[in-house]
1. Can you name the residue in the stretch 119-148 that is farther than 18 Å from Met79 by Cα and not polar (S, T, N, Q) and, of all such residues, is most open to solvent (accessible area, probe 1.4 Å)?
2. Could you check Tyr166 against (1) part of a helix (DSSP H, G or I); (2) within 30 Å of Glu268 (Cβ to Cβ) and say which number it fails?
3. Somewhere in the stretch 87-102, is a residue modelled with pLDDT of 95 or more, among the aromatic types (Phe, Trp, Tyr), within 15 Å of Phe225 (Cβ to Cβ) and not in a helix (DSSP H, G or I)?
4. Being touching a Cys at 6+ places or on another chain (Cβ under 7 Å) and not hydrophobic (A, V, I, L, M, F, W, C) is the filter here, so list the residues in the stretch 31-82 that pass it.
5. Filter the stretch 212-246 down to residues that are touching a residue at least 24 places away in the same chain (Cβ under 8 Å) and among the basic types (Lys, Arg), then give me how many there are.
6. Do we find that Ser6 is open to solvent by less than 70 Å² (accessible area, probe 1.4 Å), free of Cβ contacts under 8 Å to residues at least 40 places away in the same chain and either under 25 Å from Gln181 (Cβ atoms) or in contact with a Leu (Cβ under 6 Å, 6 or more places away or on another chain) (or both) in this structure?
7. Restricting to the stretch 29-79, give me the number of residues that are among the aliphatic types (A, V, I, L, M), assigned to a helix (DSSP H, G or I) and surrounded by 14 or more Cβ atoms within 10 Å (Cβ to Cβ).
8. So which residues in the stretch 230-245 are more than 18 Å from the chain's Cα centre (by Cα) and either farther than 18 Å from Leu196 by Cα or open to solvent by 20 Å² or more (accessible area, probe 1.4 Å) (or both)?
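The values are calculated or read from the model by the stated rules, or taken from the named source; none is laboratory data. Keep in mind it's a predicted model, so treat the numbers as computed, not measured. Note: ideal-geometry Cβ built from the backbone for every residue, glycine included; neighbour counts use all protein chains shown. Heavy atoms of the whole protein, side chains included, go into the accessibility calculation; ligands, DNA and RNA do not. Shrake-Rupley method; radii C 1.70, N 1.55, O 1.52, S 1.80 Å.
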Amino acid sequence: MKILISHDVDHMSYWEHTGDLILPKYFVRSWLELVKGKISVKELGYRHAALFHNQWQHIQEIIDYNSSMGFKSTFFLGMNNGVGLNYPIHYAEKWIPKIISSGFEVGVHGINYETLEGIQEEYDRFKGISGLDSFGIRMHYLRKTDDTFKNLSQAGYLYDATQIGYRNPYRENGFWNFPIQIMDGWVVNGKKRYQLRNLEECKTFTLNEFKKAEKEGLEYLSILFHDCYFSASFHTWSQWYKWVVNYLKEEGHEFITHKEAILSLEKEEGQKKGLPIAE
């Protein structure tokens, strides 16, 4: 299989959440996980200490790790605020050029999913910051309506990575769709709002998902890992991510970005139609 790994950047700092309930919920969750034996006292201490560093994103750490493992991934950054995504646009203006210069792919983490006007505004803002002519999007919290994908295509997006399902990438509404099969939260939390599984249980769950992907005949497997969990404050999450990457590499799977996948898919389409392939 060809592996697409992506990262939704939901938070940049802790103190950007002083006006909402994210931090109170964060610490209630942390203490609940400690009481239930899901995290250690040391891990809880890291979470408290992180407040003083005021860094919740771990974009550079992900870039460094993925680069050391020999592959590139995709980051989706917000162009607007909503549903717990509260960082100012200047954070995106700082990180988007850094991600691009590192050779990684970057796209929009969409907030407005209901109107073409709102979708277009986020598209135009990202294009102005990045200088890119083609890029994709994933909606925050995977929200959508019946018109969302038609509007995304009309706005000019190259692809969407919002939908869920054991299906290969497909072209619809004039652009490419990359369904998600595995997300960190589904693995670690299950259907709870707090950590449900330990690391070994996460591995077992994931291996079953890999088997399902193979049974369904998937040629492309999409994995979402949020960068904010790549730290000592979230031991199970970060160790699970490293295990996934190492396991897939040892099994001989190819890591690929969304744009690289589109080039490959379009080449396959051309070959099936008997069209000449540009080298």
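1. So, considering only residues that are farther than 18 Å from Met79 by Cα and not polar (S, T, N, Q), the one most open to solvent (accessible area, probe 1.4 Å) is Asp146.
2. Tyr166 satisfies every listed condition except (1).
3. For the stretch 87-102, residues modelled with pLDDT of 95 or more, among the aromatic types (Phe, Trp, Tyr), within 15 Å of Phe225 (Cβ to Cβ) and not in a helix (DSSP H, G or I): absent.
4. Gln57, His58
5. Total meeting the criteria: 2.
6. Judged against the criteria, Ser6 is not a match.
7. Selection size over the stretch 29-79: 8.
8. The answer is Ala232, His235.
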